[in-house]
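Since the structure comes first, as C-alpha cells, the remarks are kept for the end.
The values are calculated or read from the model by the stated rules, or taken from the named source; none is laboratory data. The structure presented is a predicted model; accordingly, all values stated were derived computationally and were not measured. All Cβ positions, even for glycine, are placed from backbone atoms using ideal geometry, and neighbour counts span all protein chains on display. Side chains included, ligands, DNA and RNA excluded: accessible areas come from the protein's heavy atoms. Shrake-Rupley method; radii C 1.70, N 1.55, O 1.52, S 1.80 Å.
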Amino acid sequence: MTATAASSSATILPFAEPAARSGRDARPLRLITCGSVDDGKSTLIGRLLWDTKAVKEDQAATLARDSGQQNDLGLPDFALLLDGLQAEREQGITIDVAYRYFATDRRSFIVADTPGHEQYTRNMATGASTADLAILLADARAGLLEQTRRHATIAALMGIRQFVLAVNKFDLVNYDKAIFDQISHDFRELALSLGVRQVTAIPMSALKGENVVYASEGAMPWYQGPTLIEALELATTRSTQTGGFRLPVQRVARPGESFRGYQGTVAGGAIKPGDSVAILPSGTIANVKQIVTFDLVRNAAVAGDAITLVLDRQVDVARGDMIVSIDGPPMTGTGFDAQIVALQPGGIEPGKRYWLKSGSRRQRVTVEPVSQLELSSGKWQPHASTLAMNAIGKVHLAFEEQAIFDTYEQNRATGAFILIDPDTLNTVAGGMITAKRADLGGIHLEGQRVLLSLPADLAEQIMASELFAARRNEVEIRRLSGKQATDLLSDTGEND
Amino acid sequence: MPLSAQETEIKNPPVSKPPLDPHLKALENEAIHIFREVAAEFEKPVMLYSIGKDSSVLLHLARKAFYPGRVPFPLLHVDTTWKFKEMIEFRDEIAEKYDLDLVVHTNPRGKAEGITPFTHGSAFYTDIMKTEALKQALDAGGYDAAFGGARRDEEASRAKERIYSFRTPDHKWDPRNQRPELWNVYNGMIKKGESVRAFPLSNWTEVDIWRYIQAEDIPLVPLYYAAERPYVERDGMMILAEDPRLQLLPGETVQHGSIRFRTLGCFPLTGAIRSTASNLEEVIAELEIATVSERQGRAIDRDQSGSMEKKKREGYF
Ligand SMILES: Nc1nc2c(ncn2[C@@H]2O[C@H](COP(=O)(O)OP(=O)(O)O)[C@@H](O)[C@H]2O)c(=O)[nH]1
C-alpha cells in the first residue's frame, strides 16, 4: 500500500535530490490516460513525448509527410503520431490499448493510451490493470462530464489510488482561476467518493504546452502547483512489500540431481534464508535455504524480484503452487467473491465452466453474477444473468479445487485473475478478488444460514417473490442432484 | 543433462557487479517472468536470435531466467546468407560459449531461384528470405511459442503489440482481434497449430537496452562500435563494402570513414551512421543526444509508414 497523504491536496512535496544522470532511481511509473473524444488526449500525450524529446526527427518527418498539415503552432498533428495502425487511421478512431514511452532524467514512464469511448470499458480496464496512476482529462470549457465519472470509477475499481486531473484547453477560457477552482473542487469530491485521496488537479494547455512539461509563462500566475511532469515524477509506484511473502511457483528447476529450485516472481512481502514458509495448497512447511539468482546468492528478495528459491528439505512443489510466509498466509478455499469486467462479445455466462488463471495457477471455475455496476450512477444493481461485454459485475466464484488468493485491495498480484473461455481459449474477463466465501457452496457454518433442499418448481416460485429479489445478494443457489447433495452434506459433517 | 555446463555457470561471475538501478531491475524482472512463464506453459518454445543487440540482451535474460540450468529451448537464426560476416562469427562463438542449441535455417528458394537483395528489391527479398524462411523454420520445428526481441517503442505499429502475441496456424497477426492482456497474467492457451510470439523486451526502450548492456557487460558484435571501415553510398545509405558480392554501380566508389551501425541485418539493406563512438560509453552518450530513431537505417521501413504493419500481418517478425 502506498502511503496516502492525510490531506487531499498536500500530495506534492519538494523533491530532495535529482537522480544521477547515469541511473534512474525509481521504477518506471505506469500510467493510464483517460478522456472523452476531443478533450485533447492525443495532443497531450504527443506533447509529453515531444517535450521530453521522445519523438525522433525521422518519425516527426514521416508524420509531417503523412499528415500534410500542422496546427497553428507549427507542431505536427500528434494524433497521427500515436495512432499506430493503418486501419484505425483510416477510420479515424483508436480502438485498442497502445503503450508509449518517455523519460525525464529522474524517471521513465509507460503510458497506456486507451480510447475514451464508452464501449471500450474493456480497453480501459486492460490499461488500468497495470497502472500506478490515472490522468483524467477534462475540457476546461465543459468541466466534468458523465464520461469523467465513468473513467474515474473504472480506474478506482482497478485499484488505481492516484489521480491527476488535467484540466485542458485553459487557453480557451482566458486562464480563469474560478473555472479551475470549480472543476478541481468537483473532481476532488468525485475522487473521494471513490476512495481516492491522492489527487492533483492541474490547469493546462496541451496545445501550447503550458503546465505539461514546462510551466506556463505568466499565463496563470495564480497557479502555484506542479506541472504535469513534476506531478508524475513525484508519484509513487505501487509496492506490495508490506504484506506476507508470496511466491507463485512458475517453474520447478532441476538442472541436475542435486539441485531443485522453485522459480517465480515475488508477488508480495520479502524473504531471506532461514525463513519458514508454507507451500499452498498442500500446507507443507519448510525453511528457505538459499535465494539463487544468476548474479549472486542473495541474502534477501523483495516483491518484484524474479528469483529461484531453494528449500531445506524434499517437498512436493509444482507449478501453480504458492510458497508463502507462515504468518499472514493468503486465503485458500473453493468459494470467493470477486468483481469482474467482461471483455468479449459473448459476455460472462452464469454457471459456465471457465478457466481461471491467477499468477501461475490455472483452474476450473464457475461464475455466478450477483450484481452489475451502473457506471452513470456508480450504483450496483442486482443482476444474475449473463454479464455483457463491458459490464462490470460482482460475482461468486466456485472452484472445483482449492484456490489461493489475497484480496485485490491487499495485493494486486495475488488478488487478480483472468477468465479464459474453454471453447475459444480467448481471455474473456479480468477479475479482482474481494473476499473469501465459506467453502461448500455457501453454507456459512458460523452464520445465520440454513441449507434448504427444494423441488425445482417450488424454488422457482420462492425466487420469483419480491422478498427474495430484494435480498438476492445474500443467497447462494446450487442446483444439485440428490447424490451431490449427500456428498456435500457429509463433507460438511467432516469439516465441522 | 550436462551437469558440467551448469557447474561452469555457477562459477561464472562471482565478481559482484554494482546492483542494477531500480529502473533496469524492474525491466529485467519482468522479462525473466515472461521467459519462465512461456517455458512452463508451452510445449516447444524457441528463441528467435538475430544476433543484434536486442537479441543479445534477450539471450542474456534467458540465461538469467533459467540459471542454474541451461537455456531450455533452442535458438533459431534465420540466415539469409547476406548477413555481415562478423555477425555469423559472433553467433557461432556465443553458441559455443554458452552451450546453446542453435538452429540455423535458410530458405532454399534463395539459392534455387537466385534471390538476392540486389536483384529482387528489398520488399520481395525480405518476404522470401526472412518472412517465408521464418515460417518454414517455425513449421519445421513445430514450435508453439517463439521469443522475439521486439520492443513497443520501435515502431508505431508495435505500440499495441501484446507481450503474448497470438498467431493463427498460418502465422497471421490480426491487430483488430488481439487478446486483452491484464496485469502480468498471460493467457498461454492455444489450439493445435496456433502459436504465440512472446516479447520479453516489450517495455524496453533503445536507451534501456544500451544501459543494460553496459551494466551487465553483455558482448556485442563489434559493428555496433565505430571503426574505420570501407563503405559505398547508395540510395542515401552507407553500405559496408567488404563482401565480394557487393558490386559497385557506375559512379560508386569505395570510401573509408569512421562508421558504425545502430541495427544489424542484411548488409546490403543496413545503413551505417557516421560516428566516432568506439565503445559503449561513447555510444550511449551519442544516443542520449540522438534525434534520429534507430530504424532509420533500415530500407524495409521506408517505403511507406504502414509498411511494417503490413509485413507483420503477413508474418514478418
Ligand atoms: N485551444 C486548445 N486546443 C486544444 C488543446 N488541446 C487539444 N486541443 C485541440 O482539441 C482538438 C482535439 O484534440 P485531440 O488531441 O485530437 O483530442 P482527443 O480526441 O482527446 O485525442 C484538436 O483540434 C486539438 O488541436 C488545448 O490545450 N488548447
- Tally the residues that are at pLDDT below 90 and either outside any helix (DSSP H, G or I) or among the β-branched types (Val, Ile, Thr) (or both), restricting the search to the stretch B:95-112. 0
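State yes or no: is A:Gly393 more than 14 Å from every other protein chain (Cβ to nearest Cβ), at pLDDT 95 or above, out of contact with any Ser or Thr (no Cβ under 9 Å at 6 or more places or on another chain) and on the phi < 0 side of the Ramachandran plot? Before you say what the answer is, go through the steps one by one.
Details: more than 14 Å from every other protein chain (Cβ to nearest Cβ): yes; at pLDDT 95 or above: yes; out of contact with any Ser or Thr (no Cβ under 9 Å at 6 or more places or on another chain): no; on the phi < 0 side of the Ramachandran plot: yes.
For A:Gly393, the condition - more than 14 Å from every other protein chain (Cβ to nearest Cβ), at pLDDT 95 or above, out of contact with any Ser or Thr (no Cβ under 9 Å at 6 or more places or on another chain) and on the phi < 0 side of the Ramachandran plot - is not met.
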- Message: Suppose we keep only residues that are in contact with a helix residue (DSSP H, G or I) (Cβ under 9 Å, 6 or more places away or on another chain) and part of a strand (DSSP E or B) within the stretch A:389-401. Which one would you say is most open to solvent (accessible area, probe 1.4 Å)?
- Response: A:Lys394
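Out of B:Asn203, B:Asn184, I need the residue that is of a type outside the set (Asp, Glu), in contact with a helix residue (DSSP H, G or I) (Cβ under 7 Å, 6 or more places away or on another chain) and open to solvent by 40 Å² or more (accessible area, probe 1.4 Å). Which one?
Numbers: B:Asn203 fails: open to solvent by 40 Å² or more (accessible area, probe 1.4 Å).
Matching residue, one of B:Asn203, B:Asn184: B:Asn184.
Which residue, of A:Thr334, A:Thr386, is open to solvent by less than 40 Å² (accessible area, probe 1.4 Å) and among the polar types (S, T, N, Q)? Before the answer, list the steps.
Working: A:Thr386 fails: open to solvent by less than 40 Å² (accessible area, probe 1.4 Å).
None of the others qualify; the one that does is A:Thr334.
Which strands (runs of 3 or more DSSP E) sit wholly inside the stretch A:339-383 and have at least 2 residues that are open to solvent by 40 Å² or more (accessible area, probe 1.4 Å), in contact (Cβ under 8 Å) with a residue 12 or more places away in the chain and within 22 Å of A:Ile404 (Cβ to Cβ)? Write out each step before concluding.
Details: elements: A:353-358, A:361-374, A:379-382.
Where strands (runs of 3 or more DSSP E) fall fully within the stretch A:339-383 and carry at least 2 residues being open to solvent by 40 Å² or more (accessible area, probe 1.4 Å), in contact (Cβ under 8 Å) with a residue 12 or more places away in the chain and within 22 Å of A:Ile404 (Cβ to Cβ), they are A:353-358, A:361-374.
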- How many residues, within the stretch A:29-56, are within 6 Å of the ligand (Cβ to nearest atom) and not hydrophobic (A, V, I, L, M, F, W, C)? 7
- Query: Among B:Gln304, B:Gln296, which is the only one that is within 14 Å of another protein chain (Cβ to nearest Cβ), modelled with pLDDT under 55 and touching a strand residue (DSSP E or B) at 6+ places or on another chain (Cβ under 9 Å)?
  - Reply: B:Gln296
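Kindly indicate whether A:Ala54 is open to solvent by less than 80 Å² (accessible area, probe 1.4 Å), within 21 Å of A:Tyr101 (Cα to Cα), part of a loop (DSSP other than H, G, I, E, B) and modelled with pLDDT under 50.
Values: open to solvent by less than 80 Å² (accessible area, probe 1.4 Å): yes; within 21 Å of A:Tyr101 (Cα to Cα): yes; part of a loop (DSSP other than H, G, I, E, B): yes; modelled with pLDDT under 50: no.
Taking the combined requirement at face value, the residue does not satisfy it.
Please verify whether the stretch B:210-227 includes one or more residues that are surrounded by fewer than 18 Cβ atoms within 10 Å (Cβ to Cβ), within 16 Å of the chain's Cα centre (by Cα) and part of a helix (DSSP H, G or I). It would help to see each step written out before you state the result.
So the first thing to find is which residues in the stretch B:210-227 are surrounded by fewer than 18 Cβ atoms within 10 Å (Cβ to Cβ), and the list is B:214, B:217-219, B:222, B:225, B:227.
Checking the rest, the ones that are also within 16 Å of the chain's Cα centre (by Cα) come to B:218-219, B:222.
Filter once more, keeping what is part of a helix (DSSP H, G or I): B:222.
Looking through the stretch B:210-227, at least one residue is surrounded by fewer than 18 Cβ atoms within 10 Å (Cβ to Cβ), within 16 Å of the chain's Cα centre (by Cα) and part of a helix (DSSP H, G or I).
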